[in-house]
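The values are calculated or read from the model by the stated rules, or taken from the named source; none is laboratory data. Note that the structure is a prediction, hence the values are computed from the model and not measured. Because the Cβ atoms are built from the backbone with ideal geometry, glycine has one as well, and the counts that use them run over all protein chains shown. With ligands, DNA and RNA removed, areas are computed over all heavy atoms of the protein, side chains included. Shrake-Rupley method; radii C 1.70, N 1.55, O 1.52, S 1.80 Å.
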Amino acid sequence: MVQDMFDPEFYMGVYETVDPNTNTRVLHFGKYRDVAECGPQQEIDLNSSQTVTSERQTFYCVPVPGESAWFYGYISASQARVSPSTSYTPSRHKRSYEEDEDMDLHPSKQKEQHLGFVLLRKKVVMEQAKQYAAHFCVVFEMLFDSLVCYIDYETSNTKFLCRSHVECSVIQQILVYESWDSFKVNDVLEVYGILSVDPVLSIVNSDERDSSTLDPVESMDTAEEQRVHSPPASLVPRIHVILAQKLQHINPLLPACLNEEESKTSDITKKLKFVKNGEKIYSEKRERKAEGSYARRDVLPLGKFTVNLSGCPRNSIFTEHIYRIIQQLVPASYRLQMTIENMNHSRFIPHKDYAANRLVSGVLQLASNTSLVVDETQLEQGQLDTTGVHNVTALGNLITWQKVDYDFNYHQMEFPCNINVLITSEGRSLLPSDCQVHLQPQIIPPNMEEYMNSLLKAVLPSVLNKFRIYLSLLRLLDYSISDEVTKAVEEDFVEMRKNDPESITADDLHRTLLVARFLSLSVGQTTLSRERWLRAKQLEALRKARLQQQKCVNGNEL
């Protein structure tokens, strides 16, 4: 995910070197390079008429926040070259933007994933082994999430035991040479390019750097900005992009991008057998979750549907289990525990650091279609300070307007988003929501932990994959309402207003239309039918009746 974008970077697209002894001139091309190519007896002719200065855009990329474990498990298993291994290997935690100064690796507990490992052997000549082997280890440790690296100086071999799939659990800089205006902050990109790990980049900010080996374009950046924007390649690899595309989704079970024909129900059902019967999958998966917005008109996000699931047990692991289920179904999710401490001390809104000329990330900087679960059951009495009030306001703006106002010190800049929000609470949520559903549990197991674990174990991986494909595809389907059904809906709404003018509002119409949309798409129908509209009205009536019943029981619960 693009976490930040720096100012355009100038480089020598074409430059000329000259040999002072023979006056021999050689023309070089600087594209896809960080270091100018210059022989020991050559010098760069800065006054050459052949020199061409070009421009490229640098993006600062991080792993997609909240990527689910099955995402990498599926990739690793599908690309494994040898038998899966469950042997212990050192692992490192993902790092935030601010932690890239402390890149020390440390072991973590063994992961419960069957991952393919590949043994890579790199021959190193004896006289260069000690010089380069350590550098190779650092680079490979950055590229591979799990790695055992050891050096055998007697046989001149450097051996790497690493995953068969490069888990992008490393912060990277990508340099785009063309059409970079089509990419923006928070976009998820798939990139093909040239990995630059030249050791010379490690001394860019040191006093010992050799100007003859580096691009001679003089920089006006401050020392802090140079340190952040030009870190050692062993810490932040640089990828010179040959081809990049913005992804519609990050579900590895689907093609990266679906064209218009593939996004139609008829074509999807022909090409993907596992979703050709939407009714069957819907009957298997009774659970519904929050949907994100599907369009934006002016500042109004159309189709946003934040669900407040009230009636959740207080200070229990119930919400944690709900979140575990959601993690099994979607590629990216994040659980936000709404406690006084988190509200007062966490940074929700990204802000600009002008000293380093970088954007410092925040909790709400998420990729599109991320499922955000806000746990209000952990909230206790306490005082919100200024930071806490700002964080609650930012969370409310995300829910209501599907936007986050990034802090640029002297002003705020709106960044639109598309985040699916589910709020769990004991009573009615303190946050705004589009639909409140109060729980009425039919089963209360004596041991919730064992019960939920048994449910997850009972679901076959093949069935889970169907659910994952099903949910991802439904987001990509087009949806419309015919003129005939539109007229019928209008007539129904007028009749509803006549019967109950005080309680039936335009918001009720909008919410019922959204429920009808979800019902239609859930069975693969891209147009609204009279049957689905009536079913949506019935569900809304049942939901309201349940809320009214809860209000009568608990007084001012609503």
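Of note:
- Sequence of Glu376, Glu449 when ordered by accessible area, the most exposed leading, probe 1.4 angstrom: Glu449, Glu376
- With all protein chains modelled, accessible area of His345 [1.4 Å, Å²]: 150 Å²
- Spin-label pair Val494-Val463: with each label point 7 Å from Cα along the Cα-Cβ axis, the two points sit 4.8 nm from one another.
- Within the accessible area of the stretch 389-469 (1.4 Å probe), percent carbon and sulfur: 59 percent
- When the residues His390, His28 are ordered by accessible surface, computed with a 1.4 Å probe over the protein chains alone, the sequence from largest down reads His390, His28.
- When the surface is traced with a 1.4 Å probe over the full set of protein chains, Ile423 keeps roughly 0 Å² accessible.
- Checking the Cα-Cα distances for Lys31/Lys403; Lys246/Lys466; Lys304/Lys457; Lys246/Lys487; Lys184/Lys352 against a 27 Å cut-off, the pairs over it are Lys31/Lys403; Lys304/Lys457; Lys246/Lys487.
- Cleavage-rule hits (chymotrypsin sites (Phe, Trp or Tyr not before Pro)) in the stretch 348-414: DSSP loop, at most 10 neighbouring Cβ within 10 angstrom: Tyr410
- Gyration tensor verdict on the stretch 382-506 (Cα atoms; rounded if a/c is under 1.5, prolate if a/b is larger than b/c, oblate otherwise): rounded
- What the stretch 332-461 shows is 50 Å² of accessible area per residue, with the surface traced by a 1.4 Å probe over protein heavy atoms.
- Net charge of neighbours whose Cβ lies under 15 Å from the Cβ of Gln381, counting Lys and Arg as +1 and Asp and Glu as -1: -4
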